[in-house]
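Below is one structure, written out as structure tokens; comments come after it.
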Amino acid sequence: MDLNEKKIALVTGASRGIGRACAIALGKKGYTVIINYNSNEDAANEVKGIIEAAGGEADIYKANVANLDEVKPMFRDIAKKYGKIDVLVNNAGIVKDEYVLMMTPDTIDKCLDLNIKGYMYCSQQAALKMFSKKKGCIINVSSVSSKLAVAGQSVYSATKGAVNSMTATMAKELAPYGIRVNAVAPGFIGTDMVDKLPEDKKKEYLDTIPFGRFGTPEEVGEVVAMLASDEAAYITGQVLVIDGGLSL
Ligand code: NAP
């Protein structure tokens with residue numbers, strides 16, 4: 001990386017789990033990382049501390065990315081402070097497992113608002129900052145549930161299918177401006193999201209993974225950092241599955 005021009009990366013939902021690992025991986029590669037979080041300031045500060053202890057630079061920013069009124073100021077403030085944004089990782093997402101016969105409107109709204117609208121809002125704001133520089137990279141954290149039918153996840157999988165579709169469409173629209181858009185589709189990864197599952201559900205899922213274990217957030221973070229790098233300069237519109245063979 002050119003030391004005279006540090007790259008700026010924003011990771012949404014970076015206080016915990018996969019977003020945290022993406023932030024740390026990008027920090028190690030020399031990016032100045034903006035750690036977005038929703039409520040857990042202590043956890044966000046911990047991630048900042050880890051990046052700084054390794055010699056990197058980081059900032060934290062509280063914003064609910066499902067709310068455009070909080071997303072716009074976040075991008076405006078980042079652009080004001082750093083002059084640009086090079087990489088956006090759309091990661092903040094929720095899963096709410098409910099069988100279709102018992103599904104509540106609240107679950108549908110919450111999943112759509114964060115997992116689809118949040119990604120759209122942030123992508124649009126990032127693209128508006130990137131297109132004048134004719135360079136940028138957006139990475140969407142999708143899920144293997146976009147490709148596999150997991151009982152109880154009809155809303156969640158629909159949102160992740162939407163993420164895959166927006167990845168391809170935005171990649172096509174933004175390619176003329178030098179902006180790449182890709183996605184990663186993790187399988188079961190050991191984060192709070194998976195820890196919250198009942199033990200019998202965890203065992204049932206583990207039995208379906210050829211590698212016989214859950215993935216680690218770091219294993220996703222490293223792939224995201226690779227996709228953000230210039231080594232991936234000719235990759236756009238793709239969904240890279242990281243699932244220990246689950247979907248084979
Ligand atoms: P997690 O451990 O539950 O962490 C969620 C993160 O998102 C936290 O940093 C949280 O911030 C933040 N967040 C939640 N709502 C937010 C909002 N409205 N605005 C901004 N930030 C918000 O989740 P995870 O397992 O790392 O999942 C991250 C992404 O990976 C999601 O998109 C998920 O769908 C996807 N994924 C996960 C798995 C898996 O097995 N874990 C598999 C496939 C895909 P606070 O700490 O402030 O609450």
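Here are a few things to note about the model shown:
- Tally of residues being within 14 Å of the ligand (Cβ to nearest atom), touching a Ser or Thr at 6+ places or on another chain (Cβ under 6 Å) and modelled with pLDDT of 95 or more across the range 91-111: 3
- Only a single criterion out of (1) over 30 Å from residue 149 (Cβ atoms); (2) surrounded by 24 or more Cβ atoms within 10 Å (Cβ to Cβ); (3) β-branched (Val, Ile, Thr); (4) within 10 Å of the ligand (Cβ to nearest atom) is not satisfied by residue 12, namely (1).
- Pairs, first closer than 30 Å to residue 132 by Cβ in the range 179-205, second within 6 Å of the ligand (Cβ to nearest atom), C-beta under 7 Å, six or more apart: 184/141
- A single entry from 191, 216 fulfils the requirement of being β-branched (Val, Ile, Thr), surrounded by fewer than 16 Cβ atoms within 10 Å (Cβ to Cβ) and over 13 Å from the mean Cα position of the chain (by Cα): 216.
- Among residues of the range 61-84, those that are near the ligand (Cβ under 10 Å from one of its atoms) and either more than 20 Å from the chain's Cα centre (by Cα) or crowded, with 16+ Cβ neighbours inside 10 Å (or both), counted: 8
- Some residue of the range 171-184 being within 20 Å of residue 93 (Cα to Cα), within 16 Å of the ligand (Cβ to nearest atom) and in a loop (DSSP other than H, G, I, E, B): no
- Of all residues in the range 200-218, none satisfies being touching a strand residue (DSSP E or B) at 6+ places or on another chain (Cβ under 7 Å) and aliphatic (A, V, I, L, M).
- A count restricted to the range 116-172 and to residues that are of a type in the set (A, V, I, L, M) and within 15 Å of the chain's Cα centre (by Cα) stands at 10.
The values are calculated or read from the model by the stated rules, or taken from the named source; none is laboratory data. None of the values given here were measured: they were computed from a predicted structure. Every residue, glycine among them, receives a Cβ derived from its backbone with ideal geometry; neighbour counts consider all protein chains shown.
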